[in-house]
């Protein structure tokens, strides 16, 4: 079987599993389910650490539990980007499209995840140049990754597959992928961690809210 590294766009995947109520996802089991003809040697999970915020003070606790669950598998490597949080003035939805002199703006907190797409692209290219994989698979629907996928295929002559977490895949990514798959809702449900299991330091528990 072909030596394969899987690159996971953590927040792109998160919004899919959140929609399907399947956030306690065992990514290693998911990869084995989707890549039955591949030898998955490494799974690189790209994310950023969240902070507690108004209305959800425990969000970082839930994330830490999930990251610990992932780290119980030696195949999984976690690579961190970062968040930027800013106050912005934005038009209320009900006023959008109206006369600019009459619209009402509100100040909102906007949190943006930064760095993961660049990190994925960098690791995909460097790992390819170092011949760490025969095949790469990227779990994402972010068309910003089109160019690095093209570069790996055209310069390194290595296949790169795209595994889309969402129902409406990026046409741009689909064009450049060596192979393309969409994850079905039932597959998420079938690839969950146990609610409680042991790791090297004790018990890992699924957060109650999940």
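What follows is calculated from the coordinates using simple rules that are stated; it is not laboratory data. Values in this document were obtained by computation on a predicted structure and should not be read as measured data. Please note: Cβ atoms are built from the backbone with ideal geometry, for glycine as well, and neighbour counts cover all protein chains shown.
What order, most packed first, do the peptides 195-208, 172-185, 12-25 have when packing is the mean number of other Cβ atoms within 10 Å of each residue?
With the highest mean Cβ count within 10 Å placed first, the list reads 12-25, 172-185, 195-208.
In terms of its C-alpha gyration tensor, segment 122-205 comes out oblate, because a/c is 1.5 or above while a/b does not outweigh b/c. Cα centroids of segment 159-210 and segment 1-20: 5 Å apart.
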